[in-house]
Amino acid sequence: MKNYAMSTSVGDRELCFIIEGRIDSSSIREFGDTVVAERRKYPHGRIVFDCSELEYISSAGLRILLSLKKKERAPIRLINVSPDVHETLDVTGFSRLLEVFKTPRGLSAADVQKRG
């Protein structure tokens with residue numbers, strides 16, 4: 001089980017959060033604070049969450065995504081979502097609220113990153 005880590009990448013038209021590990025009760029505050037702080041620094045462009053290394057997201061993490069969705073003009077995108085995380089998003093209805101893209105079948109997250 002990985003601990004939580006998140007980094008950001010800023011592009012021309014997007015603010016990308018690269019998430020590793022678990023978003024749960026031990027990491028939720030840091031997750032929320034980081035997302036808010038980075039969005040203040042980079043207020044323009046689409047928000048993208050690279051979930052290739054995300055193992056789990058709790059209901060509290062989903063609430064942060066919902067709160068963020070309500071504030072944003074452009075849809076929030078989750079990319080490289082694992083089957084387990086995708087199942088959570090499906091069951092909770094978040095796969096209909098956000099743009100969710102699974103890791104392509106047969107490829108690892110590392111392969112997806114290599115392919116760009």
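Here are some notes:
Yes/no matrix, rows are residues, columns are (1) aromatic (Phe, Trp, Tyr); (2) surrounded by 18 or more Cβ atoms within 10 Å (Cβ to Cβ); (3) under 18 Å from residue 99 (Cα atoms); (4) at pLDDT 95 or above:
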| residue | (1), (2), (3), (4) |
| --- | --- |
| 33 | no, no, no, yes |
| 47 | no, yes, yes, yes |
| 54 | no, yes, yes, yes |
| 58 | no, no, no, yes |
| 66 | no, no, yes, yes |
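- Checking the stated criteria, residue 21 turns out to be surrounded by fewer than 19 Cβ atoms within 10 Å (Cβ to Cβ), under 14 Å from the mean Cα position of the chain (by Cα), on the phi > 0 side of the Ramachandran plot and not hydrophobic (A, V, I, L, M, F, W, C).
- Note on the range 70-94: residues that are within 23 Å of residue 13 (Cα to Cα) and within 12 Å of the chain's Cα centre (by Cα) amount to 6.
- In the range 1-44, the residues that are within 13 Å of residue 61 (Cα to Cα) and small (Gly, Ala, Ser): 21, 25, 26, 27, 32
- Taken together, 26, 67 contain a single residue that is hydroxyl-bearing (Ser, Thr, Tyr) and touching a Phe, Trp or Tyr at 6+ places or on another chain (Cβ under 8 Å), which is 26.
- Meets criteria (closer than 20 Å to residue 9 by Cβ, touching a Cys at 6+ places or on another chain (Cβ under 8 Å) and not in a loop (DSSP other than H, G, I, E, B)) for residue 100: no
- Scanning the range 6-33 for residues being closer than 17 Å to residue 82 by Cα and aliphatic (A, V, I, L, M) gives a total of 4.
- Index of the failed condition, residue 88 passing every other in (1) under 21 Å from residue 7 (Cβ atoms); (2) polar (S, T, N, Q); (3) outside any strand (DSSP E or B): (1)
The values are calculated or read from the model by the stated rules, or taken from the named source; none is laboratory data. Every value quoted in this text rests on a predicted model; they were computed, and no experiment measured them. All Cβ positions, glycine included, derive from the backbone under ideal geometry; neighbour counts span all protein chains shown.
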